[in-house]
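See below for the structure under consideration.
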Amino acid sequence: MPPKMPPKNRKYECGNDKRKKKKKIEELIQSQVGALDKFLIKESQVLNESHSVDHIDTEIPDNVSIENDNVDSVPIENDNVDSVPIENDNDDNVDYDIFDPRNWDRLQPKLIDLLVAKDPKRYNSIVKGPRDNWNKRFTANLYTRALANGEKCDRDWLVYSKELDRVFCFCCKVLKNGIGRGQLANEGYNDWSHVGARIKEHELGMEHVKNMTTWYEYRQRLQKFQTIDKTTQRIIEKEKDHWKNVLKRVISILKFLAKHNLAFRGFEFDPIIQEHVRRVTTQEVHVHYLGHKIQNELISLLGSAIKFEIIRKIKQAKYFSVILDCTPDVSHKEQMSLIIRYVDVSSTSVSIEESFLGFLNVNDTTGQRLFDVLQNELK
């Protein structure tokens, strides 16, 4: 039998193949259009790192417990720590502004979480930008989109950078998968002659719509703690609360011991400090805030805050008197104590107060020299 000849390749597609190909294209378009009505969940990648605090190279004291000497009366100020505004609330000691579009390319996943939860910031005070070579410039009218029915809506995704004089699409810049298309999702757009048409083209694009739905869903889930890694986020929040409570108690203990001139020894006075000391003694953590360096730093900060409050009251009173006294110390150096006497009018009950502001070193106890030292200190 003669060998079978291979089938000839058709030069043109038959009608049946064309109909199948057309049907597949229509199904693909319908699936893409249907995807617009669904929320795309972006998987958040919060690091599983525990808290990050400044490490202090100090040895743990032999006795890190605290004396239980009426510490229940120590007021713990600002107990509602959640009400304290935190700008760059992250654990990497970030030294740049996460709301600046120039820094969006280097944001870590947890910083993206923070930025999405807080929303991008706009400079509402900037109505118009600088003019370019064609006498065109940015205007705040770009933030508003006019719909076909006459209604207007805010383009909350559009952000203007005054440093770069460019506009960016927040959701496409931060939440894009891979390399985004267009300048709005990358280096920013500054062709002010065609910016209106470019923005309209961008906001109708499939990629922008996907990123918008991702952003809205992502933000909603972060606010409700319903992200995919919500268990990890709950652990991180719990650890943050633990360290906030530890710091509040360490500061309260410092205030109490400094006020009563007591040493740093004794017993733990509540379960949070007990748990903290247990972690330190079992070497679960190496940062404990109980070393002498951090204690001295906190005492210095407390002293500065008290001094600032005293000076505020003195300025409010306007008139004050000075009490000075010189005493040599153990090294036979003259030290002059400075006390200010004033009328405290900051509260409803007016009272006369005497506040000690510190010791001043003097080399000459003549009247002129004491006056010069005092004058310099008061300045």
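The values are calculated or read from the model by the stated rules, or taken from the named source; none is laboratory data. Please read these numbers as outputs of a predicted model, since none were measured by experiment. Every residue, glycine among them, receives a Cβ derived from its backbone with ideal geometry; neighbour counts consider all protein chains shown. When the accessible area is computed, the model is the full protein with side chains, heavy atoms only, and any ligands, DNA or RNA have been set aside. Shrake-Rupley method; radii C 1.70, N 1.55, O 1.52, S 1.80 Å.
Structure data summary
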quantity: Pairs where the first residue, in the stretch 179-205, is touching a residue at least 40 places away in the same chain (Cβ under 8 Å) and the second is surrounded by fewer than 16 Cβ atoms within 10 Å (Cβ to Cβ) and not charged (D, E, K, R), C-beta under 8 Å, 6+ apart; calculated: Gly188/Leu164; Asn190/Leu164; Trp192/Trp134; Ser193/Trp134; Val195/Leu142; Gly196/Leu142; Ile199/Leu142
quantity: Residue in the stretch 306-331 that is farthest from the chain's Cα centre (by Cα), counting only those that are surrounded by 10 or more Cβ atoms within 10 Å (Cβ to Cβ), of a type in the set (A, V, I, L, M) and not in a strand (DSSP E or B); calculated: Ala317
quantity: Test: residue in the stretch 246-259 that is surrounded by fewer than 18 Cβ atoms within 10 Å (Cβ to Cβ), in contact with a Lys or Arg (Cβ under 9 Å, 6 or more places away or on another chain) and basic (Lys, Arg); calculated: no
quantity: Conditions (1) buried (at least 20 other Cβ atoms within 10 Å of the Cβ); (2) among the aliphatic types (A, V, I, L, M); (3) more than 24 Å from the chain's Cα centre (by Cα): number failed by Ala197; calculated: (1)
quantity: Test: residue in the stretch 365-379 that is farther than 25 Å from Ala258 by Cβ, in contact with a helix residue (DSSP H, G or I) (Cβ under 7 Å, 6 or more places away or on another chain) and surrounded by 15 or more Cβ atoms within 10 Å (Cβ to Cβ); calculated: no
quantity: Residues of the stretch 155-172 satisfying the condition of being more than 12 Å from Glu203 (Cβ to Cβ) and open to solvent by 20 Å² or more (accessible area, probe 1.4 Å); calculated: Lys162, Glu163, Leu164, Asp165, Arg166
quantity: Candidate set from the stretch 332-350 (those that are over 20 Å from Val373 (Cα atoms) and open to solvent by 50 Å² or more (accessible area, probe 1.4 Å)); member that is modelled with the highest pLDDT; calculated: Val343
quantity: Candidate set from the stretch 133-146 (those that are open to solvent by 70 Å² or more (accessible area, probe 1.4 Å) and of a type in the set (S, T, N, Q)); member that is nearest to Val167 (Cα to Cα); calculated: Asn141
quantity: Residue in the stretch 157-165 that is touching a strand residue (DSSP E or B) at 6+ places or on another chain (Cβ under 7 Å), at pLDDT 85 or above, over 30 Å from Glu268 (Cα atoms) and not in a strand (DSSP E or B) present; calculated: yes
quantity: Tally, over the stretch 280-304, of residues that are more than 11 Å from Val250 (Cα to Cα), open to solvent by less than 40 Å² (accessible area, probe 1.4 Å) and part of a helix (DSSP H, G or I); calculated: 2
quantity: Cβ pairs under 6 Å, 6+ apart, first in the stretch 252-277 and over 17 Å from Ile306 (Cα atoms), second open to solvent by 20 Å² or more (accessible area, probe 1.4 Å) and assigned to a helix (DSSP H, G or I); calculated: Glu268/Gln274; Ile272/Asn245; Ile273/Arg249
quantity: Which listed residue is at pLDDT below 85, open to solvent by 60 Å² or more (accessible area, probe 1.4 Å) and more than 21 Å from Lys210 (Cβ to Cβ), from Asn149, Asn177; calculated: Asn149
quantity: Single residue of the stretch 260-278 satisfying the filter (open to solvent by 40 Å² or more (accessible area, probe 1.4 Å) and more than 20 Å from Ile299 (Cβ to Cβ)) that is modelled with the lowest pLDDT; calculated: Glu268
